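The values are calculated or read from the model by the stated rules, or taken from the named source; none is laboratory data. Just so we're clear, the structure is a prediction, and the values are computed from it rather than from any experiment. Note that we place each Cβ from the backbone using ideal geometry, even for glycine, and neighbour counts take in every protein chain shown.
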Amino acid sequence: MKKLVSMVLALMLVFSLVACDAKDKAKDDGKITVGVVQTNANESDWRTANTKSMNEAFAAAGFETKMVFGEGDHAKQIAQAQQLIQEEVDYLVILGLQSAGWEDVAKAAKEAGIPLIMADRELELSEDLYTAMVCSDFEAEGVKAVDWLKAQNMDTVDIVVLGGDTGSSAQLGRSKAIEEGAATNGWNIVFNQNMKGWDETLAKQAVTDLIASGKEFNVIYAENDNMARGACDAMDAAGITYGKDGDVKVIAFDANKWALEKVLAGEFNLDIECNPLHGPRLVSLIQSLEKGEKVEKNVYVEEEMFDAETITQAIVDARSY
Ligand code: GYE
């Protein structure tokens, strides 16, 4: 019996050594493994373009991608990030559902020697806790919209704010801009609610209910294109005119190609670009880090804005997402 037990233990030891060796070999095959903690698989057209951009760029660069989705659950994202650290990915890219609550993950990645890169949404981390950031400046995006609205010289400005996921840096920045802009310019925010998951249907229902309540408004400030479309559907159903020649001005964010068609058609008055094509930027950053090159720590992506008064078909045709 004793002989059998010792044989089983010996076999277990051999198998465990082989398994470790296989993992080491996996890391030694030269492939860079990038762990990506993404927000949601089907959140918005912007998110779809963002996920596609990373998957395509990483594959073209020969990286192995391990992408996971938080699906609206911040705690799940934290656990997923910790799991990727345990799996010893070479790089950890975080697109946070929430901007706060990432310190423990960042410290664990640092201890494991895994560079942490923020993409899309800035996280509340001190500079010693992340390697680089490739994000959008969401407050600056919102200020562009505020400056445009101010230039409309409207007698009264009654704004409906359709916010994104509460606590995401995208929502926090865009909402801060319009709230401060309204206070500074004496505008009225008559409705201000964040839609879970940036959901188009929720936005449509919110505006439908608002119209039914009799609340007057003449500006829709929707923090992404999908929610702007939901608001327009609600206004269509109520016979409210909007856009370039309508009673209600529509401001949207993301600048998906389909939304720019709506700007060109005069349905949206303004669309502020938020560029999702982070794949190539992240590949370039990782390749520089692999070579030991110094990289710019904080990069805000260059972004435009599109006005129904000036947009052209050529501009829309040239867009890639
Ligand atoms: O505006 C929205 C997406 O983080 C900037 O998330 C991104 C936002 C974008 O779902 O459409």
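Filtering the stretch 35-65 to residues that are surrounded by fewer than 16 Cβ atoms within 10 Å (Cβ to Cβ), without any contact (Cβ under 8 Å) to a residue 60 or more places away in the chain and more than 14 Å from the ligand (Cβ to nearest atom) leaves Ala59, Gly62, Glu64. For the stretch 79-92, the criterion of being within 16 Å of the ligand (Cβ to nearest atom) and touching a residue at least 24 places away in the same chain (Cβ under 8 Å) is met by none of the residues. Screening the stretch 155-245 for strands (runs of 3 or more DSSP E) wholly inside it with 1 or more residues that are assigned by TED's automatic domain parsing to the domain that holds Gly266 and touching a Gly at 6+ places or on another chain (Cβ under 6 Å) returns the ranges 188-194. A count restricted to the stretch 267-295 and to residues that are among the charged types (D, E, K, R) and either in contact (Cβ under 8 Å) with a residue 24 or more places away in the chain or in a helix (DSSP H, G or I) (or both) stands at 5.
Based on this model, can you work out whether Ala100 counts as within 16 Å of the ligand (Cβ to nearest atom) and surrounded by fewer than 22 Cβ atoms within 10 Å (Cβ to Cβ)?
Working: within 16 Å of the ligand (Cβ to nearest atom): yes; surrounded by fewer than 22 Cβ atoms within 10 Å (Cβ to Cβ): yes.
Criteria met by Ala100.
If you go through the stretch 128-157 and keep only what is more than 11 Å from Ile272 (Cβ to Cβ), away from the ligand (no atom under 15 Å from the Cβ) and of a type in the set (D, E, K, R), you end up with Asp128, Lys150, Asp155. With the requirement that a residue be crowded, with 23+ Cβ neighbours inside 10 Å and more than 16 Å from the ligand (Cβ to nearest atom), what does the stretch 107-127 give you? Residues satisfying the conditions are Ala109, Leu116.
The numbered conditions (1) free of Cβ contacts under 8 Å to residues at least 24 places away in the same chain; (2) within 21 Å of the chain's Cα centre (by Cα) are all true for Ser213 except (2).
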